[in-house]
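In what follows, a structure is listed as structure tokens, so that the remarks can point back to it.
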Amino acid sequence: MGDRPAGKLPFNSLQALREEADGCTRCDLYKHATQTVFGEGGRVARVVFVGEQPGDREDIEGRPFVGPAGRLFDAILEEVGIDREKTYVTNAVKHFKFAPRGKRRIHSKPNVGEIKACRWWLDQELTLIKPEVAVALGATAARALVGRQVPVTKLRGDVLESVEGVPVVITVHPSYLLRIPNAVDKKRERERFCEDLRKVKALMSG
């Protein structure tokens with residue numbers, strides 16, 4: 001499973017790709033995660049949003065962006081006027097990586113090997129969808145899309161290019177907004193995120 005050479009596209013639909021990914025063993029993360037959490041959205045999506053990895057809630061439900069950060073993300077999309085029907089959301093890594101803390105599972109950052117192993121799936125998603133723009137939500141997503149380490153703070157709002165030649169807007173992950181304790185700072189950073197997404201909207205054809 002998942003041993004086909006990169007660069008070839010053996011799938012003619014996202015559903016077929018999703019079904020193949022259900023049994024992915026390209027890295028060891030599948031051993032402890034509940035399930036593969038694949039991307040969601042239509043093949044005619046104009047923008048692909050890429051996060052880091054599924055969180056605890058996503059791992060349980062088997063869907064991306066359904067936790068607190070996902071709900072904030074949906075609200076901001078609506079605020080800036082990006083039609084959710086024209087988007088596809090996925091993650092750079094499609095299994096939840098965590099460290100157990102008693103009964104809790106604490107998020108652990110994917111390493112470079114895990115990002116590279118899962119990049120094959122992201123390549124297939126981008127090739128099938130052919131989006132007008134992709135959005136890197138955080139450093140892990142930026143590394144996966146661009147193929148190198150990207151200083152998100154320095155390049156936030158800039159447009160780079162993915163390995164496939166897709167324009168990539170660099171920004172933060174919405175979970176970052178949830179972690180800001182100060183209300184004034186949180187409001188300011190939320191508006192910055194909105195501005196980043198307005199730039200994304202401007203790059204979409206309609």
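Readers should treat all values here as calculations from the given coordinates under stated rules, not as data from a laboratory. Quantities reported herein were computed from a predicted structural model and do not represent experimental measurements. Note that each Cβ is placed from the backbone with ideal geometry, even for glycine, and that neighbours are counted across all protein chains shown.
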Worksheet item: Which distance in nm do the two modelled labels at residue 111 and residue 13 give, with both placed 7 Å along the Cα-to-Cβ direction?
Response: 3.8
Worksheet item: Relative to the present Cα-Cα distance, how much length would full extension add between residue 80 and residue 179 at 0.36 nm per residue of separation?
Response: 33.5 nm
Worksheet item: Mean 1/r over all different Cα pairs, inverted: what Kirkwood radius does region 14-107 give, in Å?
Response: 14.0
Worksheet item: Percentage of Cα-Cα pair distances in region 56-140 greater than 23 Å, rounded to whole percent?
Response: 30
Response to the item:
Expected unfolding gain across residue 164-residue 57 under the 0.36 nm per residue rule, minus the alpha-carbon gap, is 35.5 nm
Worksheet item: With r defined as the distance between the Cβ atoms of residue 189 and residue 35 and R0 fixed at 35 Å, what FRET efficiency is calculated, to the nearest 0.05?
Response: 0.65
Response to the item:
Using alpha-carbon coordinates alone, the radius of gyration and Dmax of the chain in Å work out to 16.1, 49
Fill in: Surrounding net charge for residue 189, when Lys and Arg each add one and Asp and Glu each subtract one, Cβ distance under 14 Å
+3
Worksheet, complete the sentence: Too long for a 30 Å Cα-Cα cut-off, among 130/186; 116/186; 103/199; 94/199; 103/130; 31/86, are 130/186; 116/186; 103/199; 103/130; 31/86
Fill in: Relative contact order computed over the chain (Cα-Cα under 8 Å; 6+ residues apart), in percent
21
